[in-house]
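I have placed the structure first, in the form of structure tokens, so that the comments after it can refer back to it.
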Amino acid sequence: KIFTPPVRSAIDPPLSQPSRSGDTVGYLDLKWGVQLSQVEGATPAGTDPDYGGVQLYTTKDSHRFGRAQVDRIIYGFWQGKLYTITVWTSNFLDFNDLKADAFRRYGKGFQNRVDVEKFYWSDDTTDRLLSYDYNTGFLWMRSREIHERVRARYPD
């Protein structure tokens, strides 16, 4: 099973300054809510059981996020629509490249503690979490519009 941050517990990030992004693009020009058929070469990677099941997929595309070499990218689909994207690294050097590119794209983000590599962004369309711990780093992104539908159907 490929681990991805649990959708349910993966936070409602604290508010931060609005990101410069603000558009509906999640990653690689994929818009939030696109159908699985629009993700070329998607192969099943598991299911997160929360919210009635978030279907997880990966692709064989180049695993880069800006300058960062990443281990894998996991796409989460809720009711057939792109809901989450998680970009994984397995070492600190690649995480630093991932962090630099995230800061370039979205601004510095909100950090609760300066001694912990964890940053949050939230804008009109996307929630994001960048985190590094024990040789594993990730950038997790979630569609706010789809998450509102999820919460309406599965209130906490």
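Summary of values
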quantity	calculated
Residue satisfying all of: in the stretch 118-156; farther than 18 Å from G76 by Cα, touching a residue at least 60 places away in the same chain (Cβ under 8 Å) and among the hydroxyl-bearing types (S, T, Y); surrounded by the most Cβ atoms within 10 Å (Cβ to Cβ) among these	S122
Residue match in the stretch 75-94 (condition: acidic (D, E) and either without any contact (Cβ under 8 Å) to a residue 40 or more places away in the chain or part of a loop (DSSP other than H, G, I, E, B) (or both))	no
Strands (runs of 3 or more DSSP E) wholly inside the stretch 1-71 that include at least 1 residues being modelled with pLDDT under 85 and surrounded by 18 or more Cβ atoms within 10 Å (Cβ to Cβ)	25-27
Total residues in the stretch 95-122, condition in contact with a helix residue (DSSP H, G or I) (Cβ under 8 Å, 6 or more places away or on another chain) and either not aromatic (F, W, Y) or not in a strand (DSSP E or B) (or both)	3
Those residues of the stretch 95-117 which are without any contact (Cβ under 8 Å) to a residue 60 or more places away in the chain, surrounded by 15 or more Cβ atoms within 10 Å (Cβ to Cβ) and under 20 Å from R72 (Cβ atoms), in sequence order	F95, N96, D97, L98, K99, D101, A102, E117
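The values are calculated or read from the model by the stated rules, or taken from the named source; none is laboratory data. Here the structure is a predicted model, which means the values were calculated and not measured. Because the Cβ atoms are built from the backbone with ideal geometry, glycine has one as well, and the counts that use them run over all protein chains shown.
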